[in-house]
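What follows is a single structure, written as structure tokens, with notes after it.
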Amino acid sequence: MDLGLKGKYALVTGGSEGIGAAIAAVLAHEGCDVAICARRERLLQETARKIADASGRRILAIPADLTKAADAKNFVDSAHREFSRIDILVNNAGSAPGGVIEELTEQDWELALQLKFMGYVRCLRYTLPYMRQQGGGRVVNLIGNDGNKHSYWEIAPGAANAAGQNLTISLAGQYGKDNITFCAVNPGPTRTERWNRLVRAMARDWKVPYEKADALAPDSIPLGRIATPEECAYMVAVLASPMAAFANGTMIDFDGGQEKALMDVGRDEIFQKE
Ligand SMILES: NC(=O)c1ccc[n+]([C@@H]2O[C@H](COP(=O)([O-])OP(=O)(O)OC[C@H]3O[C@@H](n4cnc5c(N)ncnc54)[C@H](OP(=O)(O)O)[C@@H]3O)[C@@H](O)[C@H]2O)c1
């Protein structure tokens, strides 16, 4: 099926690896020119080159640290200068530390909100005026199922995610009249560098081997495995396309039906055995 994305211009934050790189690759494969940003310039350039070679599309690599408003503005403005329009914004760059409430520091909470929530706010602030001017656009926010499913070890990401979900539905209400739509995809565990880092932190906190910590998530998912970045990317591409034009304020849990509470039970069992 042709998604109708040929000739569109897209921005993907955190597009140098993981889910963001997969999204940029799928959008390019579907015919979009894409601007990606991240902090590590070399990896960003390499990823852009690979996607451009594979798709034949124009891929801009614009270094940015989205915890800084000036970098977010430069990313959006530079991409707009090159493309002359922005049809799609995918807010994806995010990470927040795991940990339990009595151990998380002020700095951990600050970190959680600075990128995962405020990074999205910043890119939206600078992109929406362009979308309004051109008569419409589509926004897809990569959030996370911690925002609506409880997990005591992931309360900092959970808070940032819940804020992002509320932002998504609030803006959907405000900008419908401008033909700008907002959707959110809430991934569960997905095999990326970020997931590997989280598993290492879980293993450290619960003093269990990496393999044991890594097995907790599949046990909490009826499908018995975690997602691949590409699976998530196809979901995002559909939501970003004209095929999903009537989806607004739509939030999709993309987590294989994960029961977070089950994952917590697994952790309690580990604690008891220790
Ligand atoms: N993987 C999962 O299991 C999972 C589950 C639920 C939700 N999510 C969400 O899905 C999104 C993507 O996750 P992922 O697992 O693909 O992450 P990842 O593998 O850690 O990739 C993150 C990307 O964001 C960039 N980035 C990090 N900090 C940045 C900053 N300050 N400014 C600009 N770019 C920055 C990274 O490049 P640099 O480091 O070079 O900047 C990289 O390109 C995140 O919002 C995450 O919260 C992931």
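Taken together, the values in this text are just the output of simple stated rules run on the coordinates, not laboratory data. The shown structure was predicted, so the numbers you read here are calculated from the model rather than taken from an experiment. Glycine also receives a Cβ, built like all others from the backbone with ideal geometry; neighbour counts cover every protein chain displayed.
Annotations for the structure displayed:
- The orientation-averaged shadow of the Cα convex hull for segment 1-135, equal to a quarter of the hull surface, comes to 9.1 nm².
- Orientation-averaged projection of segment 129-263 equals 8.7 nm² [convex hull of Cα atoms, one quarter of hull surface area].
- DSSP-defined antiparallel bridges as percent of all bridges, the chain, nearest 5: 0
- Sum of side-chain charges, Arg49 neighbourhood, beta-carbon under 13 Å (Lys, Arg +1; Asp, Glu -1): +1
- Peptide packing: for 43-53, 2-12, the average count of neighbouring Cβ atoms within 10 Å per residue gives the ranking 2-12, 43-53, highest mean first.
- Proximal lysines relative to Lys212, as straight alpha-carbon distance under 16 Å, when same-chain residues fewer than 8 apart are discounted: Lys273
- Across segment 67-74, coupling constants 3J(HN,Hα) worked out from phi with the 6.51/-1.76/1.60 Karplus curve, θ = phi - 60°, read 7, 10, 4, 5, 5, 4, 4, 5 Hz, and Gly and Pro carry x.
- Amide H to amide H distances under 5 Å link Ala35 with Ala10, Leu11, Val12, Leu60, where only residues 5 or more positions off or on other chains count and H is placed in the peptide plane.
- Peptides 67-75, 236-244 ordered by average Cβ neighbours within 10 Å, highest first: 236-244, 67-75
- Ordering of 96-108, 150-162 by packing [mean C-beta count within 10 Å, highest first]: 150-162, 96-108
- Summary value for the chain: 19 percent relative contact order, contacts being C-alpha pairs under 8 angstrom separated by 6+ residues.
- With a threshold of 29 Å on the Cα-Cα distance, the over-threshold entries among Lys68/Lys260; Lys73/Lys260; Lys50/Lys73; Lys50/Lys260 are Lys68/Lys260; Lys73/Lys260; Lys50/Lys260.
- Per-selection metrics, segment 115-158 (Cα): Rg and Dmax in Å: 14.1, 43
- In this structure, the amide hydrogen of Ala227, modeled 1.01 Å from its nitrogen in the peptide plane, lies closer than 5 angstrom to those of Thr190, Arg191, counting only residues at least 5 positions away or on a different chain.
- The ratio of the alpha-carbon radius of gyration of the chain to the globular-protein estimate 2.2 N^0.38 Å is 0.99.
- Rounded to 0.05, the FRET efficiency of the Glu102 and Glu193 pair, given R0 = 22 Å and the Cβ-Cβ distance, is 0.20.
- Across all directions, the average projected area of the convex hull around the alpha carbons of segment 108-190 is 5.5 nm².
- Computed from backbone phi with θ = phi - 60° and the Karplus coefficients 6.51, -1.76 and 1.60, the 3J(HN,Hα) list for segment 92-98 is 9, 5, x, 6, 8, x, x Hz; x is used for glycine and proline.
- Along segment 207-218 the Karplus relation, 6.51 cos²θ - 1.76 cosθ + 1.60 evaluated at θ = phi - 60°, assigns HN-Hα couplings of 6, 10, x, 3, 4, 5, 5, 5, 7, 4, 5, x Hz to successive residues, with x for each Gly and Pro.
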